[in-house]
Every structure is written in structure tokens, then in C-alpha cells.
Amino acid sequence: MKTNRLAILWSVLVMAALSACNDPTPVGASLLENDGIRVHYTDTVTLLTGIHPEDSVLVYHPNPENQLTNYLFGTMIDPVFGKVTASIYAQVQRTFFAKPDFTEAVLDSMVLVLPYRADGFYGRTSETFGMEIRRVVEKMEFDSTYYSNASFKTNLEPIGHIEFVPNTVDSLPLISYTDDGAPEEVLTVPHLRVHLDEMFAENFFQADTNYFLTDSAFLDFFKGIQLVPTTVNNGLIAFDLRENQAALVVYYHRDTLYYQYGFPMDLRSVRMSTFEHDYTGSVVEEHWNVPAGEDSIAFIQGMAGVNMLVEIPYVQQWDEGVVINKAELEIPVVTLPGDDPDFSAPERILVAELTDDNR
């Protein structure tokens, strides 16, 4: 009986399906004959644009997910936006699993290791860049947030300087020393190595051992470094201070055994780039005070540069029954006289709503 009932049921379903195939009427069409969805498209929405300078942008947050990936460095003259300077502040820490022990040892050298971040380079970066390293004498707080206009007191006497042409292509073979003092050759990521001043290095090396017992004691002794550009270039470079090899490395020996100890820029460290913009004599300056809606072009610059404002003045007059399914803002890129192809347009931009209190 169960089989017969299933056979009858399948027969009914097949007959129903066949009869449905003969009915071309769309389901529900008779119910809404005069109420079909009307789809429209428009590209004539009125837009008013203008520019304004960014006050500052977030450059350090204690949450690693909100920290920078590219630490920009250099002083650049942009043909449109004028002069911008990117400096770097950073702390170094004791190695997490071992405190340094320099007793009865002889210092060989102290080297600052800065891995490159090639995808953060901008403009012409095959030029010679100059860098000065200064000692920070004001505490940087790990639990604070810092913006791109932050500054900290430094000792103006540099503890290191270098002029270099960035090389981001070749891995570097280096001699590293194991815990038992044996040398070994290792390949490292492309990076810049800066030998620090011998007098500074010796004073650091001979410091009271109590400074190296805890993280807080060490940061009271050595609060950090500032990297200051000393040349004006046609581009900016970037470092990856989140890379494991970013560190202040001390090389030393006892008798015939050689060692190294790295003070890393790890997740416990405050690391940031700061920016200064000078638009004097630039193309942007000519458009600075043009009222919104009266200029045919607007400008966008990264770092803490200029932002483009977009106002949609008549949106309140749209019909209440309108449902916007999709909206796109198309921004053609304009080539200006004097534009340089080495200064490329941004690959992506961020759009945010400006509230009534201009935030």
C-alpha cells in the first residue's frame, strides 16, 4: 500500500507540473497590474567640491591592528602639493626572552637595522637619501594614541647619520653570531644598516646594569630614537618597523668569542611616522580659498595632506518614495601642467561622512 500511495502521489505531481508548463502567466502578475517596480538611472546629480587641509591622522595606537604598516621617511618636493617631511619616532626594547649581559665584554659596534618596505615607496626613490638619528629624551607612552603632528624632545646632537641609495631588491648575506659565540652566515631581507656614533655606543654599552633588568628601567634610560631626513628628494621611502629584524644591534666579544644582542622594535614599542606639509608656492595653494562649487578641480593627498570635500546639496528634495539601490562617485583624474608620471595617483581612497560638527 505504501508503494501504491507513493506512485499515485508522483503521478499527481507530474500532472501538476505538466499543466503548469502550459500556463505562461507570471505568478502574481494579475495582482499588481499597475504597481510594477519602476527602475531609473541618473548621472546628473549636483555635486559641490572643495578642498581643506587635514589637521592630523592617527599614526600610533596600542592595538597592533590599528598601527601603521608603512613607516614613511624623507623630505619630498611634489610638483603639485609642495613640500612634505616624514620623520620617524621609535622605541627599542630588551629582547623578550633574555636580558643583555655585557659584563667583562668589549664593544665592537652598534648598528641600527631598518628593513625596507618597498611597496610604500613613492616618487623617485633611486636618489641619495640622508638620515640623521637623534636620541629621544621625552617619554613615549605605549598606552597612548598619537597623531601625525606629534613631537617629542630630542637631543639635537646626532648619534648617527648616513647617506644611502635604497636597495630593495637584493637580500643581504650577513655574519650572525649564535649564543655560543660561533659565526654563521644568514640571508636577511633588504634593509638599511646605520653604524651609530662610537662614543654614544660605548656609553650605552657601559651603562649601569640595573638599566637592563626590566623593560621600564630600560625605557627610563633609553627612551627611543628619531629618524630625521637631511636631504630634499623627489620621493619618499618607507621602512617596515614591524619586521622582526628592525632593531638596535650591539656587537661585542669576550676573549675570542663574538656575540650580538638585538634591542627590537617589537609590539611593545611605540613606532610612528610624523608629517609636516608646506604648500607654499604649490599648485594646491592657488586653489586654497576658492569657495566650494566654484572650482573645476579638487585635490587629494595622503599622509596628513589635503582632503576633497563633496557636497550633495539637493538630496533632501528627492522623492520620499525613492529607494537608492546603488550609488557610485566617479572621480576622473586630471593631468595638470608640470605633472610628473613618477608621482602616481592613489590606488584607493577612503570616503567618510562629515557630520554637523565637522567630524
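Each reported figure results from applying straightforward, stated rules to the coordinates on display, with no laboratory input. Note that the structure is predicted; figures quoted are calculated from it, not measured. Cβ coordinates were reconstructed from backbone atoms using ideal geometry, including for glycine residues, and neighbour counts include every protein chain displayed.
Estimate the FRET efficiency between Ala217 and Glu127 by the formula 1/(1 + (r/R0)^6), using the beta-carbon distance for r and 35 Å for R0, to the nearest 0.05.
Working: r = 41 Å, r/R0 = 1.18.
The computed FRET efficiency comes out at 0.25.
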Next item on the list: Per residue of segment 257-262, in order, report the coupling 6.51 cos²θ - 1.76 cosθ + 1.60 (Karplus, θ = phi - 60°) as ³J(HN,Hα) in whole Hz, putting x for Gly and Pro.
Entry: 9, 10, 9, 9, 9, x
Next item on the list: Taking the dipole about the Cα centre of segment 57-278, with the C-beta of Lys and Arg at +1 and of Asp and Glu at -1, give me whichever of Thr188, Leu241, Tyr177 is farthest to the positive side.
Entry: Leu241
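Can you put Ile159, Ile324 in order of Cβ neighbours within 10 angstrom, beginning with the fewest?
Numbers: Ile159 21, Ile324 7.
Fewest-to-most ranking of Ile159, Ile324: Ile324, Ile159.
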Check: So which lysines pass the test for Lys99, namely a Cα distance under 27 Å, with those fewer than 8 places away in the same chain ruled out?
Finding: Lys139, Lys223
Next item on the list: Would you kindly calculate the mean projected area, averaged across all directions, of the convex hull enclosing the Cα atoms of segment 57-278, in square nanometres?
Entry: 12.3
Check: From Cα coordinates alone, what are the radius of gyration and Dmax values for segment 68-183 in angstrom?
Finding: 17.7, 57
Next item on the list: Determine, for each peptide in 78-90, 131-143, 161-173, the mean count of other beta carbons within 10 angstrom over its residues, then list the peptides with the highest first.
Entry: 78-90, 131-143, 161-173
Check: How many nm separate the modelled label positions at Ala118 and Thr44, each set 7 Å beyond the Cα in the direction of the Cβ?
Finding: 5.1
Note to self: Can you tally the net charge around Tyr252? Count Lys and Arg as +1, Asp and Glu as -1, for every other residue whose Cβ sits under 12 Å from the Cβ of Tyr252.
What the structure shows: -4
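Give the calculated FRET efficiency between Ile297 and Ile349 to the nearest 0.05, with a Förster radius of 22 Å applied to their Cβ-Cβ distance.
Numbers: r = 15 Å, r/R0 = 0.70.
That gives a FRET efficiency of 0.90.
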Margin query: Going by amide H atoms built from the backbone, whose H comes under 5 Å of the H on Thr230, apart from near neighbours?
Written below: Gly130, Met131, Glu132
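Summing +1 for each Lys or Arg and -1 for each Asp or Glu, what net charge is found among the other residues whose Cβ lies under 10 Å from the Cβ of Pro79?
On the way: positive: none; negative: Asp78, Asp339, Asp340, Asp342.
Value of the local net charge: -4.
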Item checked: Neighbourhood net charge (13 Å Cβ-Cβ; Lys/Arg +1, Asp/Glu -1) for Phe275 -> -4
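Per residue of the chain, what 222 nm ellipticity follows from adding -39500 (n - 2.57) for every DSSP H run with n ≥ 4, rounded to the nearest 500?
Details: 4 runs with 39 residues, N = 359.
Estimated from H runs of four or more residues: -3000 deg cm²/dmol.
With 10 angstrom as the radius, rank Phe200, Phe73 by how many other C-beta atoms surround their C-beta, starting from the fewest. Mind dumping the intermediate values first?
Details: Phe200 17, Phe73 24.
So the ranking, lowest neighbour count to highest, is Phe200, Phe73.
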Next item on the list: Would you mind pulling out the separation of the Cα centroids of segment 142-197 and segment 292-339, in Å?
Entry: 42
